[in-house]
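The values are calculated or read from the model by the stated rules, or taken from the named source; none is laboratory data. Since the model is a prediction, treat every value here as computed from it, not as a measurement. Neighbour counts are summed over all protein chains in view; Cβ atoms, including those assigned to glycine, are modelled from backbone coordinates with ideal geometry.
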Amino acid sequence: MRSISILLAGISCLATVPAFAEESADGEITVTGIRQAYRGDFEQKEIPQAITTIDAKQLENNNILRLTDALDLNASVARQNTLGGLWDAFAIRGFAGDENLPSGYLVNGFNGGRGFGGQRDVAGIESIEVLKGPAAALLGRGEPGGTINIVTKQPLYGDSFGSTALQYGSYDRVRAEADANLAIGENFSVRLVGYAEEADSFRDTIESQRRGFVPSVGLRLGEQTRLTYDLEWTRVAVPFDRGIVVLNNNFQTVPRNRFLGEPRDGDHVARAEGHQLRLQHDFNDKWNVQLGVSHRDTLLTGQSSDAELVRSRQKLFADGRSLSRQRRSRMYDSEHFVVRGEVSGEFDMGGVRHRILFGADYDKFENDQDFRRFRPPAVSGNPSDLAANIIDIVNPVYGRFPLPTPAPLTNRVDIQKSTGLYLQDQINLSDRLQVRIGARYDDFQLTTNNRITTVVSERKASRLSPQAGLVFETSDAVSLYAVYGEGFRANIGTDASGRIFDPETSRSIEAGAKLSLLDGKLTGTFSLYQMQKSNVLATDTANPGFLVAIGKARSRGAELDIAGQITPSLGILLSYAYTDAESRSSILDPNFSFQIRPGDPLINIPKHSVNVQLTQDLKLGSTNGRIGAGVQHVGERSGETGTTLKLPSHNLVRVFGNVSLTKGIEMFGEVRNLFNAHWYANSYAALWVQPGTPRAASIGVRARF
């Protein structure tokens, strides 16, 4: 591990991200309206959709560092296969999308999560919005269960301020980060955010390095016009880790710390460089326009030694200790370009208020994958340990054999081009009743160039996705809503034979109630929903890197989210989700020979999830502080498509707190998995199960200026 001083030096030149504010005559700083895309001008209670927000205060209280951990705070989001910890993958309301690509999410309204830049750090994030339900009529190309929108910190006008933090944690994790807002004149501001982190792991031989620089620049071109530029530069270096093996449903087959890969493979390195340019112009207090462009390049490279999944090639199933391993080489390169424009406003017609949102977007995603693989021979031929690249799971000896050379398996580029047009009108029929109608038209083209077979495949499709919703305010504190929506999403990639899949379509219905108490300080949403998708894909476990079509899937459930202040000093966060997600088709996979039947649960989706935490502000003389505690429950989940493997349920307890040492300086700390529970974050197959982190703690100091 490098010293703390090197880490500090590494981020001394790093900087943060900008939002806009103005300074009044009495010196008060007020944030001006930076509008989020696809949103319009609505209060939460007017939106026929369940929306929860994880804000910067919650992230800081829990000392959360990764997007994946932040999403654990919302029970509707379930962890999925993360490619050995190298990308973000999650399901909202039971639907995950393409299991061989990172989960897509929005960054300031732009599609921004589809590349191979590693798991996203929370540095530079102002809030994380979980936009649940059938919103595809506006967002397009997303999952019907919902969409994640990351709102980055923006440059503020009229004031200069900042913070810096240094922390040390379990497994020798050392992290430094900084955030500085520099107001240069009345109309120009820069926000600089950066971080550097190095850590060991509870997993044997695993160490990681993370660096990031995410600055933002804000320029006010006039009283009603703002221009913002955001940069993203990140680098993650960590060994590829498929986790542990589970034989005969015994999760104690090996200790949770045992690494079954090969340290000589070295790190996988994930790099990302992204740019956003956004222009907002307010014509008046009712009408505005947003224009923007985004470009993001990512690159993932590395080699790994992974357990062979096919039973006929896996010696472990014969003797219980000799793990036959593939060896793989990856070079995943992606380029993502998005341009969008949107106009929103309102007018009265015949005494009826209309709030209009209409716009267009263009999205081009280029996914270039060179994937190579060595595969052990069939066990029936009695191959040597050298030939099968064996490691003993009981007494592993690393470096026992020369590393096999992977041969080309996949070398193709997928280019997906999508154009969308959308229109929404929310009509106030009375002071209490509002109706929302909308539609989105999508046209896409997918071209796949297989460089190995020299076959070029192409598919085009288009669809109109309607949406309709209703909001009724029974009182100032309670509103009821209902919404119906259809969705459309292109399935990128091919099956093992090279066939491009049909696009995925969905239909969703949702109803619920929203509550606002204590002058809006305590809010809640209760919702019921049902969704059905067609042309759903699942992992082809016989051909990792490929998918199989499983036909239809359905998810239905109930959710409750409550957040806010019970008293001025006591805060609460409660999130519960019941999710019943299952296949609705019957199919026999021709390669792996497992049967998928109607009613089979979708992988990694628990039926019951709960997250609850309380925070209490304290004042001891002139010293301020905060303490908090939380519990997360995740129920039993399917661990492999089409088999009986189940990941056991788990309960994780965390405690956290901070205290002011002097003016502007505070100490903070937290303990996760307080009772050292054995838990499993996700699974791809019985031989690729990701164990969760044991008890871990950290302590740090933060200075604000």
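Of the set (1) crowded, with 20+ Cβ neighbours inside 10 Å; (2) closer than 24 Å to GLN565 by Cβ, all apply to TRP688 but (2).
Filtered by the rule that a residue be closer than 30 Å to GLN209 by Cα, touching a residue at least 40 places away in the same chain (Cβ under 8 Å) and outside any strand (DSSP E or B), the stretch 223-252 gives PRO239, PHE240, ASP241, ARG242, GLY243, VAL245, VAL246, PHE251. Quick check on TYR398: is it outside any strand (DSSP E or B), in contact (Cβ under 8 Å) with a residue 12 or more places away in the chain, out of contact with any Ser or Thr (no Cβ under 7 Å at 6 or more places or on another chain) and not acidic (Asp, Glu)? Answer is yes for this residue. Of the strands (runs of 3 or more DSSP E) entirely within the stretch 3-95, those holding at least 3 residues that are more than 14 Å from the chain's Cα centre (by Cα), closer than 30 Å to LEU470 by Cβ and modelled with pLDDT of 60 or more occupy 51-55. Find all pairs meeting these conditions: Cβ atoms under 6 angstrom apart; at least six residues apart or on different chains; first residue within the stretch 549-561 and at pLDDT 95 or above; second residue of a type in the set (Asp, Glu). Correct list of pairs: ARG556/ASP580; GLY557/ASP580. Residues considered: ASP370, ASP363. Of these, the only one that is outside any loop (DSSP other than H, G, I, E, B) and modelled with pLDDT under 95 is ASP363.
Checking LEU260, LEU299, LEU277, LEU357 one by one, the residue that is among the aliphatic types (A, V, I, L, M) and touching a Pro at 6+ places or on another chain (Cβ under 9 Å) is LEU260 and no other.
For the criterion of being surrounded by fewer than 18 Cβ atoms within 10 Å (Cβ to Cβ) and either touching a helix residue (DSSP H, G or I) at 6+ places or on another chain (Cβ under 6 Å) or part of a loop (DSSP other than H, G, I, E, B) (or both), GLY162 fails. Scanning the stretch 627-678 for residues that are among the polar types (S, T, N, Q) and more than 18 Å from LEU65 (Cβ to Cβ) returns SER638, THR641, THR643, THR644, SER649, ASN651, SER660, THR662, ASN676.
Across the stretch 674-705, the qualifying residues are those that are in a loop (DSSP other than H, G, I, E, B) and small (Gly, Ala, Ser), and the one among them that is farthest from GLU308 (Cα to Cα) is ALA677.
Across the stretch 615-652, the number of residues qualifying as of a type in the set (A, V, I, L, M) and either surrounded by fewer than 16 Cβ atoms within 10 Å (Cβ to Cβ) or over 24 Å from THR693 (Cα atoms) (or both) comes to 4. Take the residues in the stretch 236-295 that are within 26 Å of the chain's Cα centre (by Cα) and of a type in the set (Asp, Glu), then tell me which one is surrounded by the most Cβ atoms within 10 Å (Cβ to Cβ). The extreme case among them is ASP241. Against the definition (touching a residue at least 24 places away in the same chain (Cβ under 8 Å) and on the phi > 0 side of the Ramachandran plot), how does GLY104 come out, yes or no? Judged against the criteria, GLY104 is not a match. Within the stretch 419-449, if we keep just the residues that are closer than 16 Å to ASP361 by Cα and polar (S, T, N, Q), the residue that is surrounded by the most Cβ atoms within 10 Å (Cβ to Cβ) turns out to be GLN424. Sub-8 Å Cβ pairs linking a first residue in the stretch 179-195 that is without any contact (Cβ under 8 Å) to a residue 12 or more places away in the chain to a second residue that is of a type in the set (Val, Ile, Thr) and surrounded by fewer than 24 Cβ atoms within 10 Å (Cβ to Cβ), at least 6 apart or interchain, are ILE184/VAL190, ordered by first then second residue.
Of all residue pairs spaced 6 or more apart or on separate chains, those with beta-carbon atoms under 6 Å, a first member in the stretch 270-284 that is touching a residue at least 40 places away in the same chain (Cβ under 8 Å) and a second member that is surrounded by fewer than 21 Cβ atoms within 10 Å (Cβ to Cβ) and hydroxyl-bearing (Ser, Thr, Tyr) are LEU277/TYR229; HIS281/THR225. For the stretch 295-343, filtered to residues that are part of a loop (DSSP other than H, G, I, E, B) and touching an Asp or Glu at 6+ places or on another chain (Cβ under 6 Å), the residue that is farthest from PHE374 (Cα to Cα) is ARG321.
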